[in-house]
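Report on one structure; see the data block that follows.
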Amino acid sequence: MALLSVAGLGVRYGAILAVRDVGLTVDAGEIVALLGANGAGKTTTLSAIVGLVPANAGTVTFDGRAMGGLGTELIVRAGMTLVPEGRRVFPSLSVDENLTLGAASRGDRAATASARQEMFELFPILAERRGQLAGTLSGGQQQQLAIARALMSGPRLLLLDEPSLGLAPQVVDDIFDLIARLRESGLTILLVEQNVAMALDVADRAYVLASGEIVMEGTAAELKASEEIERAYLGIAEAV
Ligand SMILES: Nc1ncnc2c1ncn2[C@@H]1O[C@H](COP(=O)(O)OP(=O)(O)OP(=O)(O)O)[C@@H](O)[C@H]1O
Ligand SMILES: [Mg+2]
């Protein structure tokens with residue numbers, strides 16, 4: 001049984017049907033990429049999965065439990081946490097305070113303390129900067145903090161929305177290394193990325209969204225070999 005199973009998902013913003021009949025699965029231990037052009041509905045899909053926007057159709061099943069209507073707080077407790085697009089940390093709070101807020105759903109001081117220790121081991125720079133205001137961290141450091149904050153809730157499934165966006169190439173490499181390491185540690189990941197080549201290198205499988213619908217799915221190797229993917233995403237920029 002899949003860890004996450006989404007079926008017939010529809011999301012409407014007023015008159016606009018942003019996501020239509022989306023179905024996808026993520027098995028435990030997998031990295032699954034969700035690809036697509038700007039405005040395709042990637043963020044909307046992730047937001048609906050974690051209850052940040054209401055779905056008007058479909059079901060989200062996590063670990064055998066229906067998530068529909070639960071709300072983000074309970075969904076985080078169930079084990080799914082989103083790192084939103086644009087690495088939104090609390091800028092006027094310290095690194096430490098940001099991490100503490102990430103563990104709010106746990107309500108368990110010992111678990112929070114040990115999670116913080118794990119984060120400092122995973123992200124040494126955050127340990128070094130633990131008293132610094134998050135808004136004064138560099139972009140790459142803020143992305144690390146955004147991921148660490150999400151991990152503080154102890155998720156089994158991490159949803160990452162464009163973690164490499166706007167970062168320098170070396171920092172992008174670091175983020176992808178981190179994603180690979182997180183998977184090795186047993187985490188399951190649903191990854192939205194505009195860096196399609198790198199996403200397909202790290203992912204096991206991928207789905208492609210266009211105008212709110214899944215138009216292609218397969219193993220990462222299949223999609224890498226696909227002429228359509230090559231033309232739309234992997235060739236020269238003008239090839240779209
Ligand atoms: N709050 C909102 N109200 C109205 N329309 C919205 C809202 N959020 C998104 N949309 C629309 O829904 C569609 C899907 O947007 P979404 O943000 O999910 O795309 P995306 O694939 O994440 O794009 P990007 O790669 O640019 O992040 C777009 O047409 C967008 O304009
Ligand atoms: Mg988006």
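Judged by the mean number of other Cβ atoms found within 10 Å, the most tightly packed of the peptides 86-98, 210-222 leads the ranking 86-98, 210-222. Taken along its principal axes, the alpha carbon cloud of region 1-94 reaches lengths of 40, 33, 25 Å, longest axis first.
By accessible area, using a 1.4 Å probe on protein heavy atoms only, region 7-144 has 53% of its surface on carbon and sulfur. How many percent of the alpha carbon pairs in the chain exceed a separation of 33 Å? Tail of the P(r) past 33 Å holds 16 percent of the pairs.
Its Cα gyration tensor gives region 88-154 an equivalent ellipsoid, and the semi-axes of that ellipsoid, as √(5λ) in whole Å with the largest first, are 18, 12, 10. Ordering Gly218, Met67, Leu178 by the projection of their Cα atoms onto the charge dipole of the chain, which places +1 on the Cβ of Lys and Arg and -1 on the Cβ of Asp and Glu, puts Met67 at the extreme positive end.
Of the peptides 47-59, 108-120, the order by per-residue mean of other Cβ atoms within 10 Å, starting with the highest, comes out as 47-59, 108-120. Comparing Gln170, Gln141, Gln194 in a Gaussian network model of the chain where C-alpha atoms under 10 Å apart are linked, the largest mean-square fluctuation is found at Gln170. Over region 138-240, the fraction of Cα-Cα pairs per 5 Å bin, rounded to whole percents and listed from the shortest bin up, is 2, 11, 21, 23, 19, 13, 7, 2, 0. Consider a paramagnetic label point 7 Å from the Cα of Ala110 along Cα→Cβ; state which residues of region 133-166 have an amide N under 20 Å from it. 152-155, by backbone N distance to the label point.
The values are calculated or read from the model by the stated rules, or taken from the named source; none is laboratory data. Since the structure is predicted, the reported quantities are computational estimates derived from the model, not experimental observations. Every residue, glycine as well, gets a Cβ built from its backbone with ideal geometry; the counts of neighbours run over all protein chains shown. Quick note on the areas: whole protein, heavy atoms, side chains included, nothing else; ligands and nucleic acids left out. Shrake-Rupley method; radii C 1.70, N 1.55, O 1.52, S 1.80 Å.
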